[in-house]
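What follows is calculated from the coordinates using simple rules that are stated; it is not laboratory data. A quick note: this is a predicted structure, and the numbers were derived from the prediction, not measured. Positions of Cβ are backbone-derived with ideal geometry, glycine not excepted, and every protein chain shown enters the neighbour counts.
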Amino acid sequence: MNLYFAELQKFSENDPFKFNEVIDIKDDLLDRYSDQVIDATTFRASGIIFANRGDVIVDTKIEGKLVVPSSRSLTPVDLPLDFSVEEYYVPSKAAESRYAKDDVVFVMKPDDQVDLRSTVIDNAILEIPMHILSPEEINGKKMPKGTEWEVLSVEDYNNQKAELKTVDPRLAKLKELLKDKDEKN
């Protein structure tokens, strides 16, 4: 859904433009983010758009589901998404200063279009957590491993590190010799 910025400036907070769209973004996600997304359902984008001092505020609720690879084993994991996004579209660079640095603000010309589809795609990708596990991995399934490698949990890594710190009894005498030498210097 593309809407002209100039047209959206006509809606007030008391009489906003309301939308409720079903958007198929699967092909775009798979083309642009094939390393992060395996599959996607259609997404529902609903919300309101209104103008305030010439700025257009788009408040959107986005719902859908992605299938993404586990960050540990790359097995497919269902990731239901349900989040809200608020974006600001302003007519000039000067108007941008009215908003906080972490607000999403776009400078627009009157004939530019607000693209709801891009909002859904970009924000769905941003909602993917960096660390995601399959239900089996969460419940303690063994870590993946292969020839001469394996994934270790933090606990296993720390235990392995502690084992390496223990000194071989045959080398303990050498350690004492080095300690004596350091004391003399």
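Calculate how steeply helix 169-184 sits against the longest principal axis of the alpha-carbon atoms of the chain, using the helix alpha-carbon long axis, and give the answer as 0 to 90 degrees to the nearest 10.
Between the helix axis and the principal axis of the chain, the angle is about 90 degrees.
Under the rule of -39500 (n - 2.57) per DSSP H run of 4 or more residues, summed and divided by the residues of the chain, what mean residue ellipticity at 222 nm is obtained, to the nearest 500 deg cm²/dmol?
-8000 deg cm²/dmol
Only counting other Cβ atoms within 10 Å, I'd like PHE50, PHE17 sorted with the fewest neighbours first.
Ordered by Cβ neighbours within 10 Å, fewest first: PHE17, PHE50.
Residue farthest toward the positive end of the dipole of the chain, with Cβ of Lys/Arg at +1 and Asp/Glu at -1: which of GLY47, SER71, LEU29?
SER71
From the residues PHE17, ALA95, HIS131, which one has its Cα farthest along the dipole of the chain in the positive direction, the dipole being from +1 and -1 charges on Cβ of Lys/Arg and Asp/Glu about the Cα centre?
HIS131
Only four residue types carry charge here, +1 at the Cβ of Lys and Arg and -1 at the Cβ of Asp and Glu. Report the dipole size of the chain about the Cα centre in Debye, rounded to the nearest 20.
Roughly 880 debye, rounded to the nearest 20.
Return the label of the correct value of Cα extents along the principal axes in Å, as calculated from the structure shown, out of [x] 46, 40, 32; [y] 50, 39, 35; [z] 85, 44, 27.
Working out Cα extents along the principal axes in Å from the coordinates points to [z].
Given the options VAL151, VAL37, VAL105, which has the most mean-square fluctuation in a GNM of the chain, springs set between C-alpha atoms less than 10 angstrom apart?
Most flexible of the set in this elastic network: VAL151.
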